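Colleague: First, the structure itself, so that you have it in front of you.
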Amino acid sequence: MFIKAIFTDYKENFYSFGEKHSNYILIKLFTNPGIENWFQYSKKLYKRNRYLYSAERHQKIDLKNTYYVEKIKDSLNNRWGLIKKTLQEMEKIKYQIPFKIPEEFDFDQKTLNTLHRFFTYNAAWRQSNIKTENPFDKNFRIPQNYNKKSFFYLIDQINKNVHFLEKYTVPGPNRIFVEENHPLEYLYFKIIEEDFEKYLNFNPEEYQNNYNFLNLNYENIVTLDASILGKSILQSFMEQDDPTCWDCQGRHCSTGGFMIYTNDQLKKIYTSTQFQDWIKKYNLESSEIPYEFSIGYVQEQSTSLKSLLTQQLIRLEYID
């Protein structure tokens with residue numbers, strides 16, 4: 001199984017007067033049932049959905065720049081207002097919110113961690129048998145005029161706005177460590193699929209693919225993206241979250257997207273003293289960490305991966 005990604009250079013195309021200049025990368029996928037299932041699932045989604053390609057570097061926000069902060073202040077307040085409005089709507093349907101949030105966005109990652117976990121635990125509860133006790137309010141029941149999907153769309157407003165705001169929190173020591181020592185850049189292929197019910201769920205055997213990342217010796221390993229209910233271990237580390245919580249336990253599911261890091265900085269983060277000390281605080285061993293769900297590696301490429309950071313994806317080809 002292979003996935004071929006074909007690119008066109010913006011500048012070359014502009015000056016070539018219609019002549020096509022393309023580059024490609026060929027991804028060789030590992031052979032096991034979980035990845036084979038993912039391949040067929042991703043191929044079907046790709047045929048009926050839009051694909052979003054982005055080349056990204058981890059964004060460092062300068063909160064000391066008062067001009068910049070003032071410029072984005074209205075946007076941040078609007079996002080924070082949507083979170084408050086959602087919590088108020090939940091209270092209207094008799095949900096007892098067990099925590100208080102500030103009147104204005106406080107730029108504190110801990111605040112967003114609380115809100116994000118509130119979303120993930122409620123989303124999982126909504127997916128399961130909702131006759132069971134709610135994780136935050138044991139007396140809450142979804143009203144009869146609501147259905148499960150309506151409840152999800154309500155709480156998902158918290159999720160979406162938290163993900164926007166988390167880029168602007170005051171960096172903690174782990175995020176500073178990554179930004180200053182191991183800046184990340186990657187090619188990101190994501191399917192535009194909004195229906196949470198269409199996620200591919202992994203069984204316990206398939207889930208074990210989360211644990212082999214550090215044991216692989218290939219360059220440019222391809223991993224699943226973090227479109228999951230919860231956080232990847234990398235995000236948990238950078239946001240000083242609790243890696244023992246079930247929503248910080250790797251890829252239990254997928255929406256068909258994948259990522260390719262252009263350098264080896266990710267492995268350097270995971271093997272660093274900073275990361276190892278962090279997991280020891282939670283009495284975890286390195287072998288117990290679901291680092292990444294690895295699905296393959298770049299077998300061939302017509303140019304360097306770094307050069308593709310400025311190019312446009314034309315199409316993907318799924319090759320059985």
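Colleague: Over the stretch 66-168, one equal point on each Cα, no solvent: what is log10 I(q)/I(0) by the Debye formula at q = 0.23, 0.25 Å⁻¹?
Modeller: At q = 0.23, 0.25 Å⁻¹ the computed log10 ratios are -1.28, -1.47.
Colleague: Using +1 on the beta carbon of Lys and Arg, -1 on that of Asp and Glu, and nothing else charged, what's the dipole of the chain about the Cα centre, debye to 20?
Modeller: Details: 41 positive and 41 negative charges, 178 e Å.
Using only the charged Cβ atoms, the result is roughly 860 debye.
Colleague: What number in nm² do you get for the chain if you take the convex hull of its Cα atoms and divide its surface by four?
Modeller: Details: hull surface 75.7 nm².
Quarter of the Cα hull surface area: 18.9 nm².
Colleague: Would you kindly derive the ³J(HN,Hα) couplings of the stretch 140-157 from the backbone phi angles with the Karplus curve 6.51 cos²θ - 1.76 cosθ + 1.60 (θ = phi - 60°), listing them in order in whole Hz, with x for Gly and Pro?
Modeller: So the Karplus estimates, Gly and Pro as x, are 6, 9, 5, x, 5, 7, 10, 10, 4, 5, 4, 5, 5, 4, 5, 6, 5, 4 Hz.
Colleague: By what distance, in whole Å, do the Cα atoms of the stretch 207-312 stretch along each of the three principal axes, largest value first?
Modeller: 44, 30, 24
Colleague: Next question. Give me the extension gain from Glu166 to Lys138: residue separation times 0.36 nm, minus the current Cα-Cα distance, reported in nm with one decimal. Spell out each step's value before the answer.
Modeller: Working: separation 28, 0.36 × 28 = 10.08 nm, distance 2.89 nm.
So the chain would gain 7.2 nm between Glu166 and Lys138.
Colleague: What does the charge add up to near Lys110, with Lys and Arg as +1, Asp and Glu as -1, over the other residues with Cβ less than 10 Å from its Cβ?
Modeller: Working: positive: none; negative: Asp106, Asp108, Glu239, Asp241.
After counting each charged neighbour, the total is -4.
Colleague: Can you work out ³J(HN,Hα) from phi for every residue in the stretch 176-188, in order, using Karplus 6.51 cos²θ - 1.76 cosθ + 1.60 and θ = phi - 60°, giving whole Hz and x for Gly and Pro?
Modeller: My calculation for the stretch 176-188 gives 4, 4, 5, 4, 8, 10, 9, x, 9, 9, 7, 9, 10 Hz in order.
Colleague: Taking a 27 Å limit on the Cα-Cα distance, which of the listed pairs Lys160/Lys198; Lys44/Lys267; Lys73/Lys267 fall beyond it? Please report the intermediate quantities before stating the final value.
Modeller: Working: Lys160/Lys198 18 Å; Lys44/Lys267 31 Å; Lys73/Lys267 36 Å.
As for pairs spanning more than 27 Å Cα to Cα, those are Lys44/Lys267; Lys73/Lys267.
Colleague: Test of understanding: what is the full-extension gain from Asp74 to Ser150, defined as 0.36 nm times their sequence separation minus their Cα-Cα distance? Kindly include the intermediate steps, with their values, before the conclusion.
Modeller: Values: separation 76, 0.36 × 76 = 27.36 nm, distance 2.83 nm.
So the chain would gain 24.5 nm between Asp74 and Ser150.
Colleague: Rank Ser287, Gln208, Pro183 by how far each Cα sits towards the positive end of the charge dipole of the chain (+1 on Lys, Arg Cβ; -1 on Asp, Glu Cβ) and give me just the farthest.
Modeller: The residue sitting most towards the positive pole is Gln208.
Colleague: Apply the Karplus curve 6.51 cos²θ - 1.76 cosθ + 1.60, θ = phi - 60°, to the phi angles in the stretch 289-296 and return the couplings in whole Hz, x for Gly and Pro.
Modeller: 9, x, 4, 8, 8, 7, 10, x
Colleague: Enumerate the amide H contacts of Gln299 below 5 Å, restricted to partners 5 or more residues apart or on another chain; note that Pro and chain-start residues carry no placed amide H.
Modeller: Leu26, Ile27, Lys28
Colleague: Once the piece of chain linking Cys245 and Arg48 is laid out straight, how much longer is it, given 0.36 nm per residue of separation minus the C-alpha distance between them? Intermediate results must be reported in sequence, preceding the final value.
Modeller: On the way: separation 197, 0.36 × 197 = 70.92 nm, distance 3.44 nm.
Here the segment from Cys245 to Arg48 would lengthen by 67.5 nm.
No value in this document is a laboratory result; all are computed from the given coordinates. Only a predicted model underlies this, so the values are computations on that prediction, with no experimental measurement involved. No Cβ is skipped: glycine too gets one built from the backbone with ideal geometry, and neighbour counts run over all protein chains shown.
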